[in-house]
């Protein structure tokens, strides 16, 4: 029986994958060490060591340390199938990298000022109100809304010692926040309403909806460009009907979506494992 290492994420993958003939070993990436030896990928934590035949990457809103990127590269080097694939995870690992990929794919990314270097945060200032983001954090962390000049002076002083890039984007006064979820060739959409200015954070209400045609087109374009198994794209709409891409998530949360999205992701993983077995029987090749 093939062993799937599920990194972080939801608790029910073991039952879902067992029904498809796969054994699951749940692990937290924060607690793991990794060894590639004699072509086998070993995942080590305080309880045991397991050999991963496949990986379900559900690492979400945590602090993304450089060694986690090394783990992605090791998964690729081992040729272990992963959902999303190691290639997609590598291309979307960082906020700037993801924005660059979406620009190339033709999606409406929000224009940004970016500073990389000591003491340069003040140079990203733009007409207020604007949003400042420090580093590669998710879930609303590392973000601040600047409405007044005094807000910016205090924050820019605080950012001076930050050893990471700083991004400033115009604050989008939106009337609708929509997540488009794509798994394989299937699409879902959900409208959301939050309690504060941060879209998709601290959601107070949500509802499934028909996928707007334009958002479906952009979501499919992103999937094709990356070669992804799953993506969650967060869009906001302004009063004049303009859509902006707020964020592209290569490990999207499924909260508020129907149970069928979990089964669709299982389908993607099962297909990847089957393709890997076929490749290994027929000869070597990269699968992730």
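Any read-out appearing in this document is the output of simple, stated calculations on the displayed coordinates, not a laboratory observation. All values derive from a computational prediction rather than experimental measurement. No Cβ is skipped: glycine too gets one built from the backbone with ideal geometry, and neighbour counts run over all protein chains shown.
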Subject >> Rg/Rg_ref, region 175-217, where Rg_ref = 2.2 N^0.38 Å and atoms are Cα >> reply: 1.21
Subject >> Cα-Cα pairs of region 1-105 separated by more than 25 Å (percent) >> reply: 20 percent
Original post:
Say we join alpha carbon atoms closer than 10 Å with springs in a Gaussian network model of the chain; which of 175, 114, 132 then has the biggest fluctuation?
Top reply: 175
Original post:
How far, in degrees from 0 to 90, does helix 66-78 lean away from the longest principal axis of the Cα atoms of the chain, to the nearest 10?
Top reply: 40 degrees
**OP:** Tell me the label-point distance for the pair residue 36, residue 65, using the 7 Å Cα-to-Cβ offset, in nm and rounded to one decimal.
**Re:** 2.0 nm
**OP:** Rounded to the nearest 10 degrees, what's the angle between the helix 260-282 long axis and the longest principal axis of the chain, both from Cα atoms, 0 to 90?
**Re:** 50 degrees
Original post:
When the helices in the chain are scored as -39500 (n - 2.57) per DSSP H run of 4 or longer and the sum is shared across all residues, what 222 nm value do you end up with, to the nearest 500 deg cm²/dmol?
Top reply: -9000 deg cm²/dmol
**OP:** Could you tell me how many degrees, from 0 to 90 and to the nearest 10, lie between the Cα long axis of helix 149-159 and the main elongation axis, the longest principal axis, of the Cα atoms of the chain?
**Re:** 40 degrees
Subject >> Mean projection area, nm², convex hull over Cα of the chain >> reply: 16.3 nm²
**OP:** Express the Stokes-Einstein translational diffusion coefficient of region 113-170 in µm² s⁻¹, to the nearest whole number, given a Kirkwood radius over alpha-carbon pairs, 25 °C and a viscosity of 0.890 mPa s.
**Re:** 220 µm²/s
Original post:
For region 1-111, what is the relative contact order in percent, using Cα pairs closer than 8 Å and at least 6 residues apart in sequence?
Top reply: 22 percent
**OP:** Could you give me the percent of Cα pairs per 10 Å distance bin for region 50-166, shortest bin first, beginning at zero and ending with the bin that holds the maximum distance?
**Re:** 12, 36, 30, 16, 6, 1
Original post:
Taking the radius of gyration and the Kirkwood hydrodynamic radius from Cα positions alone, what is the Rg/Rh ratio for region 125-279, to two decimal places?
Top reply: 1.04
Original post:
For region 173-249, with equal point scatterers placed on the C-alpha atoms only and solvent neglected, what are the log10 I(q)/I(0) values from the Debye formula at q = 0.11, 0.23 1/Å, to two decimals?
Top reply: -0.26, -1.06
Original post:
Taking the Cα centre of each part, how many Å lie between region 94-167 and region 191-240?
Top reply: 21 Å
